[in-house]
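A short write-up of the structure that comes next.
Bear in mind these aren't lab numbers, they're just calculated from the coordinates by the rules spelled out. Note that the structure is a prediction, hence the values are computed from the model and not measured. Quick reminder, even Gly has a Cβ in these numbers, built from the backbone with ideal geometry, and neighbours come from all protein chains shown.
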Amino acid sequence: MTQPPGQPPQGAFGAPQDQPPPSGGFGAPQQPPAQGGFGAPQQPPAQGGFGAPPPQAGYGYPQQPAPGPYGTPGPYGPQPGYAYPQQQPQYFGGPGGPGMTPPPGGGGGGRFKGKPALIVAAAVAGLLVVGGTVYAVTGGGDGGKEPVARQSADPRTSGTPVNPGDGSGDGGADPEDLNAGRKSGDAKVLWYKSAPDAPASGADAPGMWITGKTAVKAAYKQVFAYQVGNGDPAWAPITFPQKICAVTSRKSADDKVVVAYMNGTSDRAKCNQLQEIDLDTGKKGWTATVADGGLFDSALSIGLTISGKTLMVGRSESGTAYDLGSGAKLYDKKKYGAACFPTAFAGGTGRLVEVASCGAGGGNEHDEISQLDPVTGRVQWTRAVKQGWTVERTYSVDPLVVYMTNEDKNAWNISVLDGKGAFRSEVKVNEKFAPRCGFAGLDRDLQGCHGVAADSDTLYLPTDVTGGGNEIVAISLTDGTAKWRTKSPTDESMYPVKVQGGRLVAYVRPSYDAGGQVVSIPTTGATHPTTGLLRNPQHTADIEDGFYDGALDWADGRLYLSATRLTGSDDAKEKLMMAFGN
């Protein structure tokens, strides 16, 4: 393929800063130190992640110029294990390691039994107390508007019974009366749903999508929908013949998602059955069966990514794009160039990023990052990553912020690329950061990190907790230095959620004597303490924390929490979903 017009130069640009990841930390898999691997003794500085050897001519490759000034060793020496994202254990988010039994509870245990971490998937809703009057923060959602304060209709301490429901949306009297101990200024528990039955070995409950009308949740073989305000069933649950194995983590602009489920129960069963769903109506749209890509590229497991009006289905060594509206196949992304295989995709509004593994077994192993036209698949630019570096995550797609590791060097790097693929900057802050990242296993989950946010010129990362809470650090995408930092208002972790209306919204985890909080911080700088937006009740803090490894969202003044893994324990009274508001 010819080089796309306006192709930025390929080459040894931006030797990114090398930093060693920590060997553990709460939420990280506990592994014995390995020579040259994560947790090994610190290694001397290595060359940065970008600037791989020139790729051979082929599909998607720009012409290689002479090495640039950034092909030299990185100027920033290793620091003691910071910025490594906290990894969740292998059973998809719970405590313990591979093969460990998940704990009981709505999301699997609570923070008061070892302080596991809460994955933050989005933001929350809130209260604003002005002159002793309680106000509820409304508006915002995904529209980027500043939250608006309105007076709460019920600031009193009296309880309001909650319809618990079950996994099917049916309910009855609230046996716990979760609002009975609510204090003035506390948010209400609007509703909660008990989890459906799951196998004794456990089951996944991936995804959570909030629209202006419905809160939709997948669990095991079903997809449930509730009315956002009161939790009543919005439409009848959709039941699949086999377990759900993949979902689009984000919904489309017109509130559509795609769910994949297995085609059988045997060891050879594949995750290849696709179903489009309208979140507001529950109407099932188009269906498709994902074909295998080759001998070592089957659909045993897949990843689903939405970019504008395109659905990209990623296999281990290729991808297939579908029109999200009709289900029509658009194109395939296959092997190209010097044995380059597309292995992962990340999508945003009109932007699709591909990561490929190249040159395996040929002595020139390296990753490549490409930006694709979502509709046609045309390569807009490609950047090679220096040999030894692996692209693990995208902390943001637009702007593009990538997290990379070098196992041999026991190093990490966070780099920023501009809209044409040119190296823009790298994080230079000497800090131990701890965004919440699920365990990717054998497959790369480029968009599997939460608790990190970005706008056009700033990256917001949480530091690890060493006692007495943590901080959020605002990092310039222009030069990689810290612009400001803000400390958590409590002794618990605080995580970025999203930037909205010129302010950063963050979530503060609950403690044994207080519920979780939602706070906002002006993006122009933190010269004063955080501003409180929502305060959850103390008496439901343990329940709230039971979703520590689950999904979290904030929309229209409501906080939604849901489990992402069901234990299947008959002794556990598992909760599937919970909503706070006013």
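Shape call for segment 320-429 from the C-alpha gyration tensor, a ≥ b ≥ c root eigenvalues: rounded (a/c under 1.5), prolate (a/b greater than b/c) or oblate? The partial results should precede the final answer.
Working: a/c = 2.29, a/b = 1.36, b/c = 1.68.
Oblate, since a/c reaches 1.5 and b/c is not below a/b.
If you count, for each residue, the other Cβ atoms within 10 Å and average over each peptide, how do 277-287, 445-455 line up from highest to lowest? Spell out each step's value before the answer.
Working: 277-287: 16.4, 445-455: 22.9.
In decreasing order of mean packing, 277-287, 445-455 become 445-455, 277-287.
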In terms of modelled amide H atoms, which long-range or inter-chain residues lie less than 5 Å from the amide H of THR248?
VAL258
Karplus-derived 3J(HN,Hα), 6.51/-1.76/1.60, for each residue of segment 239-256, Hz, glycine and proline x:
10, 9, x, 9, 5, 6, 10, 6, 9, 7, 5, 10, 8, 7, 5, 9, 6, 10
Once amide hydrogens are built 1.01 Å from N within the peptide plane, the residues lying 5 or more places from ARG378 or on another chain with amide H under 5 Å from its amide H are ASP373
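By its C-alpha gyration tensor, with a ≥ b ≥ c as the square roots of the eigenvalues, how is segment 452-582 shaped: rounded for a/c under 1.5, else prolate for a/b larger than b/c, else oblate? Don't skip to the answer; put the middle values down first.
Working: a/c = 1.95, a/b = 1.90, b/c = 1.03.
Judged from the Cα gyration tensor, segment 452-582 comes out prolate (a/c at least 1.5, a/b above b/c).
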Note, segment 361-372: 3J(HN,Hα) by Karplus (6.51, -1.76, 1.60, θ = phi - 60°), whole Hz, Gly/Pro = x, goes x, x, x, 10, 5, 6, 9, 9, 10, 10, 9, 10
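Cα gyration tensor of segment 288-385, axes a ≥ b ≥ c as square roots of the eigenvalues: rounded (a/c below 1.5), prolate (a/b > b/c) or oblate? Walk me through the numbers on the way to the answer.
Details: a/c = 2.33, a/b = 1.35, b/c = 1.72.
Oblate.
For the residues ARG444, ARG250, what sequence is obtained by ranking on other C-beta atoms within 10 Å, fewest first? Don't jump to the answer; show the numbers that get you there.
Details: ARG444 23, ARG250 19.
The order, fewest Cβ neighbours first, is ARG250, ARG444.
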Translational diffusion coefficient, Stokes-Einstein: compute it for segment 503-553 using the Kirkwood radius over C-alpha pairs as Rh, at 4 °C and 1.567 mPa s, and state it as an integer in µm² s⁻¹.
110
Cα-Cα over 20 Å, subset of LYS409/LYS483; LYS386/LYS483; LYS309/LYS329; LYS221/LYS283; LYS213/LYS251
LYS409/LYS483; LYS386/LYS483
Interchain or long-range residues, amide H under 5 Å from TYR331's placed H
ALA321
Reachable aspartates and glutamates, given that their alpha-carbon falls under 18 Å from the alpha-carbon of LYS573 and they are not under 8 places away in the same chain:
ASP166, ASP170, ASP174, GLU176, ASP177, ASP197, ASP204, ASP542, GLU544, ASP545, ASP549
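Exceeding 23 Å between C-alpha atoms, which entries from my cross-link table qualify? They are LYS270/LYS333; LYS188/LYS256; LYS432/LYS498. Please list the in-between numbers first.
Working: LYS270/LYS333 20 Å; LYS188/LYS256 29 Å; LYS432/LYS498 21 Å.
Those over the limit are LYS188/LYS256.
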At q = 0.18 Å⁻¹, the log10 of I(q)/I(0) for segment 220-260 from a Debye sum over equal Cα scatterers comes to -0.62
How would you rank 323-332, 480-489, highest first, on the average number of other Cβ atoms within 10 Å across their residues?
480-489, 323-332
